[in-house]
Every structure is written in C-alpha cells, then in structure tokens.
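The next block holds one structure in the form of structure tokens; read it before the comments.
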Amino acid sequence: MGEAFTLLGFGPEGWGHALLTAGLTTLAVSACAFACGLVLGTLCAWAKIAGPPVLRRAADIYGVVLRGIPDLLVIYLFYFGGRQIVTAIANQFGHTGPVEISGFVAGSLAIGLISGAAQAEVLRGAFHAIPPGTLEAARVTGMRRWTMFRRIIAPQALRTALPGLGNQWQSVIKESALVSVTGLVETLRAVSVAANSTELPFLFFLAGGAIYLAITTVSGLVFRIAEWRAMRGQPAMRVGG
Amino acid sequence: MNPTTVRTPTTVRLANIHKSFGRQEVLRGIDLEARDGDVISIIGSSGSGKSTLLRCIPFLEIPDQGEVTVGDETIVLTGAGHRFSRAERQKIRRLRGQIGFVFQSFNLWPHMTALQNVMEVPLHVQGRPRAECREEAEAMLAKVGLADKRDAWPAHLSGGQQQRVAIARALASRPRALLFDEPTSALDPELVGEVLRVIRALAEEGRTMLIVTHEMAFAREVSSHAIYLHEGRIEEAGPPQQVFLDPVSERCRRFVRGQAGPVD
Ligand SMILES: Nc1ncnc2c1ncn2[C@@H]1O[C@H](COP(=O)(O)OP(=O)(O)OP(=O)(O)O)[C@@H](O)[C@H]1O
Ligand SMILES: [Mg+2]
C-alpha cells in the first residue's frame, strides 16, 4: 500500500507528475476535438437545415461515412495518412526525408471529425425543437439573420442541445484514448508506459481509470449546472403546471 | 372618414394584392388603405384569407402580385417566385421595422424574461441606447398592466399576460401600425377581456391598427372601418355600423348575424 502511494505520488520515485501532465493532455486534446466537432457540427447542422442541396447532401454523406467506419481507422488516416501527404508535399518543395506531424493536432482533428457528425445531429434536433412562431416573431421585426441566429436561435437550440452535447463530450474524452496510437502521451499512453516500466499494470491501469473517471465526473457536473441554469424559467420546471 | 377634412397620411396601403398557395388562390386582388389613426377590423369566415392578408403586409407571406406600402416604403411585386434584390431585402427590413405584429399564439421568446422580450428589438435591431430601451420597455409593460411581471419568464405567465407582453413588445419598436391576428383566439374565455381592454386603450390613443378578429362586439366598438373578406376578396367594406349592422352584401349580413352570439 505504501509502495503504491510512493509510485503514484509526486516524489522522485513517483509517477504523479507524469500522470498529471497526461491527464491534462487528455483534457486538452478532448477540448480541442470537442471544439472542432462543435464547429463542424454547427456547419453541418446548418447545411442540413438551410443549406443548398449540394451541401445538404455532403453533410448527409459525411454523417453516414463516419458512422460506418471505426474511429481508430479515422485516427490512423489522419496521423499516418496525413504524415504521408504532408511529406509528399514537402518533398515537392525540395525538402528531403519524412515530415513528422503532431499527434495532438491529427488526433484532435480526427476525433473532432468523428464527434462533429454526432454533434450535427444533436444540433439539428435542437433546432427543430424551437417553436417556429418564435422565429417568425423575430423575422417580422426586421431582425437580420445573424442577429436572429445569435439572439433567438442559438440560445434556444443550445438549451435543448446541452444534454446531447454533454454526452458527446463524455464520448470525446473516452475516444481521446485512441490518440495514444500516435505516440501522444495522454493518459492511456502514460499509464501504459508506467505499467510496463514498473511491471505493475493493475495499479497503473486502475489509476488511469480513476483519471478518466475524475475528468468525466467533474465535467459531467459542469454540464449539469449549465443545464440547470439554462432551464431557468422553462416549462419543464412547472411540474404538473 | 369625412372628405372635407384634410386627409391624414397613409400608413399602410395594399394595392391589388394576389396570393396563391399552389393552385389555390387565397387572395384575389385586395385593395386596402389604413390612414394614420385608423382602426380597421378584418372579419370573415375561416379560410377566407384574413391571416394571409395580414401576413402579406410585413412579408411573412410574399404576395405574388401587387403593391405593399408601409410608411415611406413601397414594394412592388411582379409575379410568383419574385427574387428580391439586395436593395429590396433592405427595404423589406425597413418596412418590417415600421409595424408591430401580434400573433394569435403570442410567440414570446421563451429564453428571455418579459422585460428582455420587450427590450430586444429596440436594443438589438434598432440599436438604441440600453438605458433608453429599458426605460421605454418598463413603460410599455406598465401600459399593459404588467409592470410587476418584468422579470417573469413567459412560461410562468398566463396566456392573457403573455399576449399583453407581446403587445408591449410590438409597441416598444415604435411602430407606425400595429397588426393583430386573432389576438384573443388562443385564450381561455376569462382572459379575453384583459387583452381586449389593452387593445381598446391603444385605439383610444389614436394608434393605427389592423385587427383580424372574431370578437364582433369588440370590433364594432373600436374600429373606424371594417372589412368583410370572402374567398380572398373584400366583399364588404365601410364604417362598422354598416358592416356589422346593415351590410349591403347578403353573405356578410348572414356572417355577422351568425357570429353575433349573446350580447356582452
Ligand atoms: N402556408 C400555407 N400553405 C398552403 N396553404 C395555406 C397556407 N396558409 C394558408 N393557406 C390556405 O389559405 C387559405 C386561407 O388561409 P388563412 O389562414 O389566411 O385564413 P383565415 O381567414 O385566417 O382563417 P382562420 O379564421 O381559420 O384563421 C386556407 O384555405 C388555408 O388552408
Ligand atoms: Mg387566420
């Protein structure tokens, strides 16, 4: 027991610092991926709701394709495939030898792309839940489209979308473990390394689980609070009303 | 209107408005003029095109043909599927800015309090100073008798209260004309009175209003003109005494008799 504390602690023998850094990396890569997904999801939701037919079709295909292929393959495609393409381009311009690309960037983009497809569906559903009369009431005042999006559509849609987006955030955190294949030292990679070099896999994988659980629990709480705040004054609060 | 007095300026004018949905022609050449201070009630049976007519004024429905004027803005339509130029779209926005529209189903913005609903357009569309918007919004809420509900969420207000907030919201953008589409039809009977009282007070202030309504007694009392619509045409128009009590059109006569119901 004492040994475990030393190993997980922040002393010279301990892996504490490495694990903390890895946990923060998981958080950072997840946040970037989620943000990419949100941007992509918003664009796709817009394309599906109001875009020209070509974009609507493209958004549909994007959704189907990403649902149909394994997430890990998308990461391989971005990281190894990306490296190959960047190298080829660099060689065109006279650079010799392979070019490394960042696992962090490739991983965030890949998971963002995966999450974007799901977030698009969440946002589209939330848009359709907006009472159309509230949009008409805005339109009739001469409100500009962008103002309407900012003031009337986004606040109403986000409120409905929060639970779904919260779920997406949780899956992004878990999927971020896949980015370890690029060599990025995030939580899974860090605990694997520690498990190997100490030959104590049970302890370190358990610690890894605890780190993920801590991140998902705390961020779940943040989402819960956001939902609660957003629901102030909404009909759902009037139980039986 | 007395022809010997100086004619007040036109606030809303429709000229030869046509509108079809698919193959169904819902408006078949509507001419209508509301001058400053007129209160025009629009009556007619269900499906006669009353809502469509009212919604054509701020281009919630786009007329196929005809001319819409609000204040100094005139838009001419030349046929179904008309594509608006950038300048025309701007014109439509300016035209919309000059009317206040009150819907049957209130359509308050549910994520804003009553006061925020009323302040929204002055602040974020018209870009007036916040302090001024707030002051005026509070005054408008007081006018509709809801000063104490300024911080209430729409979902926590009764239908009558929501509709009064919606009226305050329409007033807050300082419109030249107010358009009401059956403002009391979605209300429980006991809540109709409070909304009609507010509208009556606005009529007494000399506001220009177009009101689509089934409240015959109320319409007769507040309006300066009445219009009876039948199958997309104005079948009877004139002072309320004529339209409600002694119309020329036999169909209109039957309609107002049928609608009269118990005297209140
Ligand atoms: N967006 C639309 N698409 C297709 N048809 C429509 C649309 N809006 C209205 N109509 C049709 O146009 C006709 C006139 O409708 P409108 O709503 O103007 O009638 P109304 O006089 O307001 O009736 P009510 O008293 O029931 O409100 C109806 O037959 C209706 O079905
Ligand atoms: Mg109607």
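Points to keep in mind about this one:
- Identity of the residue in the stretch B:10-42, among the hydrophobic types (A, V, I, L, M, F, W, C) and near ligand 1 (Cβ under 9 Å from one of its atoms), that ends up nearest to the chain's Cα centre (by Cα): B:42
- Cβ-Cβ contacts under 8 Å between residues 6 or more apart (or on different chains), taken from a first residue in the stretch B:164-177 that is within 12 Å of chain A (Cβ to nearest Cβ) to a second residue that is among the acidic types (Asp, Glu) and open to solvent by 10 Å² or more (accessible area, probe 1.4 Å), are listed as B:172/B:136.
- Test: residue in the stretch B:205-213 that is touching a residue at least 24 places away in the same chain (Cβ under 8 Å), more than 16 Å from ligand 2 (Cβ to nearest atom) and not in a loop (DSSP other than H, G, I, E, B): yes
- Considering B:185, B:158, B:224, the condition of being among the hydroxyl-bearing types (Ser, Thr, Tyr), surrounded by fewer than 21 Cβ atoms within 10 Å (Cβ to Cβ) and within 16 Å of ligand 2 (Cβ to nearest atom) is satisfied by B:185 alone.
- Residue satisfying all of: in the stretch A:123-133; touching a helix residue (DSSP H, G or I) at 6+ places or on another chain (Cβ under 6 Å) and open to solvent by less than 40 Å² (accessible area, probe 1.4 Å); farthest from the other protein chains (Cβ to nearest Cβ) among these: A:123
- Screening the stretch A:134-236 for helices (runs of 4 or more DSSP H) wholly inside it with 3 or more residues that are surrounded by 15 or more Cβ atoms within 10 Å (Cβ to Cβ) and more than 19 Å from the chain's Cα centre (by Cα) returns the ranges A:154-175, A:187-198, A:201-230.
- Annotation note: of B:25, B:67, B:61, the sole residue that is among the acidic types (Asp, Glu) and within 16 Å of ligand 2 (Cβ to nearest atom) is B:61.
- Residue within the stretch B:257-264 that is more than 19 Å from residue B:32 (Cα to Cα), without any contact (Cβ under 8 Å) to a residue 12 or more places away in the chain and part of a helix (DSSP H, G or I) present: yes
- The stretch B:62-93, residues that are small (Gly, Ala, Ser) and away from ligand 1 (no atom under 16 Å from the Cβ): B:71, B:79, B:85, B:87
- Only residues that are in contact with a Lys or Arg (Cβ under 7 Å, 6 or more places away or on another chain) and either within 16 Å of ligand 2 (Cβ to nearest atom) or touching a residue at least 24 places away in the same chain (Cβ under 8 Å) (or both) were counted in the stretch B:122-151, giving 5.
- Of all the numbered requirements in (1) over 30 Å from residue B:258 (Cβ atoms); (2) open to solvent by 60 Å² or more (accessible area, probe 1.4 Å), residue B:171 misses one, and that requirement is (2).
- Residue B:59 being within 16 Å of ligand 1 (Cβ to nearest atom), without any contact (Cβ under 8 Å) to a residue 40 or more places away in the chain and not small (Gly, Ala, Ser): yes
- Qualifying residue in the stretch A:32-54 (condition: at negative phi, among the β-branched types (Val, Ile, Thr) and without any contact (Cβ under 8 Å) to a residue 24 or more places away in the chain): yes
- Lone qualifier among B:28, B:13 - being in a strand (DSSP E or B), open to solvent by 60 Å² or more (accessible area, probe 1.4 Å) and under 19 Å from residue B:207 (Cβ atoms): B:13
- Looking only at residues of the stretch B:241-255 that are outside any loop (DSSP other than H, G, I, E, B) and open to solvent by less than 10 Å² (accessible area, probe 1.4 Å), we find that the one that is farthest from residue B:39 (Cα to Cα) is B:252.
- Only residues that are more than 16 Å from ligand 1 (Cβ to nearest atom), facing chain A (nearest Cβ under 8 Å) and crowded, with 17+ Cβ neighbours inside 10 Å were counted in the stretch B:94-105, giving 4.
- Output for the stretch B:214-236, where each listed residue is over 15 Å from the mean Cα position of the chain (by Cα) and in a strand (DSSP E or B): B:228, B:229, B:230, B:233, B:234, B:235, B:236
- Checking each residue of the stretch A:102-121 against the condition of being facing another protein chain (nearest Cβ under 9 Å), open to solvent by 20 Å² or more (accessible area, probe 1.4 Å) and of a type in the set (D, E, K, R) gives no match.
- Scanning the stretch B:76-93 for residues that are more than 7 Å from every other protein chain (Cβ to nearest Cβ) and in a helix (DSSP H, G or I), we see that the one that is surrounded by the most Cβ atoms within 10 Å (Cβ to Cβ) is B:92.
- Those residues of the stretch B:33-42 which are more than 11 Å from ligand 2 (Cβ to nearest atom) and in a strand (DSSP E or B), in sequence order: B:33, B:34, B:35, B:39, B:40, B:41
- No other residue among A:8, A:38 is of a type in the set (A, V, I, L, M) and under 25 Å from residue A:161 (Cα atoms) apart from A:38.
The values are calculated or read from the model by the stated rules, or taken from the named source; none is laboratory data. Here the structure is a predicted model, which means the values were calculated and not measured. Cβ: placed from backbone, ideal geometry, glycine included. Neighbour counts: every protein chain shown. Note: areas computed on protein heavy atoms with side chains; ligands, DNA, RNA excluded. Shrake-Rupley method; radii C 1.70, N 1.55, O 1.52, S 1.80 Å.
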